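Here the structure is laid out as structure tokens; the discussion comes afterwards.
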Amino acid sequence: MTEPPSSPVGPPAGPPAGPPDRVADGGPAAPRSRRPAVTATVAVLLTVQVVALLAVGTYAKTGPRLGGFPFFYWYTLLWLLIGAACMALCAALTRDRPRDPGDAR
Amino acid sequence: MGRVTGPVTGPVTGAVAGAPFQTSFHATETGIFIALFLLVTMVGFGAARWRRASDPRHLDEWGLGGRGFGAFVAWFLIGGDIFTAYTFIAVPGAMYASGAVSGWFAVAYTTVVWPIVFVVMPRLWTVSHRCGLVTPADYAEARFGSRALGLAVAITGIVATMPYVALQLVGMQAVFEVMGVGTTTASGLVRDLPLVLAFAILAAYTYTAGMRAPALVAFVKDILIYAVVAVCVIYLPMRLGGYGHIFDAAQHKFAVANAKAVAAGHRPSAAFVPGPKQLLAYGTLALGSAMALVVYPHTVTGVLSTNSRQVIRRNTALLPLYSLLLAFLALTGYMAIAAGISTANSRLVVPLLIEKEFPHWFAGVAFGAVAIGALVPAAIMSIAAANLFARNIYRPFLRPSASAAEQTAVARLASLVVKVGALAFVLGMDTQNSLNLQLLGGVWILQTFPSVVIGLWTRWPHRWALLAGWAVGIGYGTYEAYQQASPVAHHFGGSLAEVPGLGRTGYVALTAFVLNVAVVVLATLVLRALRTPDGGDATAGSERAGTGAQSPELARQRPPVAAPSAVAEH
């Protein structure tokens, strides 16, 4: 059900999974010292939402309701919003350096 | 289009067995629909002039819109892959018919997909940009030095796209049917004429303007759609007694349906909330669909037509807005239950709901939105599949000397062929369970995931092993999907099958994918032991070296050199 590259569904706190590491990396010139912390944070932020939604058993129930929505439904939507916030954070964390010509707008 | 059949006098009973619904022709409704359609057509043709390129004959221009789309256009364009007839017709239909497992999983899928996009796509963008690659098959071919692998990925992409385009056709068909345009005539030719006409227009402007057409039309489409969705999710619940009542109605309907099914000796098919035995099905549908979306050629095309990878990352934080609206659109399936819509043909659920609850003029706008919402993705999908044919089948195997202009010409023709292939799926499959069309495409396309995505991080898999894994995955997936029967189809009736060894059903695509990866690993170990030579890596170092200064033009003039790999390999 899971495989390494697409869904880093591992222990989030462990050594940074491969995918976010390289993605977070703007290029060889990027200061390496800053990277591990950023990488780990990005890995956690991305992993958490995937794990939360794929652990269907943790939320497959009808109550408590919220605004008429059964738990199963509003919980999914809640993670949708949390996920968007996480990715906004990740995008900010992994921003390529402004002078990077390939990534300039 | 309205002239095709002329006004049908009085309400006519729909042609669907067991579904007594009334379709009737309304001049206002159809008039507004046609006006919107004409507007979009003009925008589509006009798009050819938008940001006109220096060298319009290059495939980058027709097939990737010149790779120049910024954050704003990209948001609409990539979001367009989410907002399709899948969203309007298939998902609410599935919610209406059987609830959470076959419908609401789409919300989980369109949530889970963005982190995956965040991880995979910037990297694919970087390599493709620097090496001048256009398609996922280009990447597999260049990365593993295997034209055969590129061919496998390309054929899979083209075939998997066809049912997805077919889903768009089904969506439009549903709208025409409820509008009472053409569909109630006995003659098959006249019945399908509106659909054929709509698709002919689509084909014509895709042919002319390429990727620019759907990008520009996507604006019109999404503005319309956002307006319609906003009205639906605010006005309809007010009319129907609030979301609490809507959910109650759905829960009640499924309880009754399941009790009936059990009494008749069948397995209960509906689920308001997934039961213990359905958790795996729900999870695998969500994850499998999300992984599949990442390697669908049209998604890759959309992503590659952006002008920077930062655009992609930032967009993953904004694109969930589409997922949120998909969620509320999915709930229109439950609203239809609360509104007392009764049909056995689930693809008609949303059009019937709109027809019943709204005045004719608004129904015209809404139907226009749905039809245009089917056209844009259909255009993007057929362009993507056409790129695959031109780049990965025609050039390497049929005419190696093909110039860029010739490739573009071939791609344009191929985009027409894809649409014809889609028609074959519409005619040959159970279109009531239209969601299945997309899931079936997912079964196939997911088997290219190892060659395209895993390759972004490691060249450890051997090229022949990837090919073997692909073949096994495709074989198993197709066989299992073929075995699934639905009430109206003996084969290809669904995409859930029992996962061997688990005693639960899961999405066939993911089961096949796991098998695929297992074969890749084993075969690689064997091939390495036999010291079978690897292919060269034409993308070596491009994902990390440099800072992206190399423009596509430069890459074209100076083909990437297969330098000793700078990437850490095993």
_Filter result (over 21 Å from B:Val294 (Cβ atoms) and aliphatic (A, V, I, L, M)) within the range B:497-518_ = B:Ala497, B:Val499, B:Leu502
*Determine, yes or no, whether B:Asp248 is surrounded by 15 or more Cβ atoms within 10 Å (Cβ to Cβ), among the charged types (D, E, K, R), assigned to a helix (DSSP H, G or I) and within 27 Å of the chain's Cα centre (by Cα).*
no
*Listed residues B:Lys277, B:Lys221; which is more than 9 Å from every other protein chain (Cβ to nearest Cβ) and under 30 Å from B:Ala35 (Cα atoms)?*
B:Lys221
*Evaluate the range B:395-417: report whether one residue or more is under 26 Å from B:Leu510 (Cβ atoms) and either touching a Ser or Thr at 6+ places or on another chain (Cβ under 9 Å) or in a helix (DSSP H, G or I) (or both).*
no
_Restricting to the range B:289-311, and then to whatever is in a helix (DSSP H, G or I) and modelled with pLDDT under 85, can you tell me which residue is farthest from the chain's Cα centre (by Cα)?_
B:Gln310
_Matching residues, the range B:236-257, being farther than 18 Å from A:Ala60 by Cβ, touching a residue at least 12 places away in the same chain (Cβ under 8 Å) and more than 10 Å from chain A (Cβ to nearest Cβ)_ = B:Leu236, B:Arg239, B:Leu240, B:Ala249, B:Lys253, B:Ala257
*Run B:Thr458 past the list (1) polar (S, T, N, Q); (2) touching a residue at least 24 places away in the same chain (Cβ under 8 Å); (3) more than 14 Å from every other protein chain (Cβ to nearest Cβ); (4) surrounded by fewer than 21 Cβ atoms within 10 Å (Cβ to Cβ) and report the number of the one that doesn't hold.*
(3)
_Residues (at the interface with another protein chain (Cβ under 10 Å from one of its Cβ atoms) and either touching a strand residue (DSSP E or B) at 6+ places or on another chain (Cβ under 8 Å) or not hydroxyl-bearing (Ser, Thr, Tyr) (or both)) located in the range B:86-112_ = B:Ala100, B:Val101, B:Trp104, B:Phe105, B:Val107, B:Ala108, B:Val112
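Among the residues of the range B:45-68, is there at least one that is modelled with pLDDT under 75, assigned to a helix (DSSP H, G or I) and in contact with a strand residue (DSSP E or B) (Cβ under 9 Å, 6 or more places away or on another chain)?
We begin by selecting, within the range B:45-68, every residue modelled with pLDDT under 75; these are B:45-68.
So of that shortlist, the ones also assigned to a helix (DSSP H, G or I) come out as B:45-49, B:59-67.
Cutting the leftovers down to in contact with a strand residue (DSSP E or B) (Cβ under 9 Å, 6 or more places away or on another chain) gives us B:67.
Yes, the range B:45-68 contains at least one residue that is modelled with pLDDT under 75, assigned to a helix (DSSP H, G or I) and in contact with a strand residue (DSSP E or B) (Cβ under 9 Å, 6 or more places away or on another chain).
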*Any chance you could count how many residues in the range B:258-282 are of a type in the set (Gly, Ala, Ser), part of a helix (DSSP H, G or I) and touching a residue at least 40 places away in the same chain (Cβ under 8 Å)?*
1
*Which of (1) over 30 Å from B:Phe362 (Cβ atoms); (2) modelled with pLDDT of 85 or more; (3) within 14 Å of chain A (Cβ to nearest Cβ) does B:Lys260 not meet, given it meets every other one?*
(3)
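The values are calculated or read from the model by the stated rules, or taken from the named source; none is laboratory data. In this text the structure is predicted, and so the values were computed from the model without any measurement. Cβ coordinates were reconstructed from backbone atoms using ideal geometry, including for glycine residues, and neighbour counts include every protein chain displayed.
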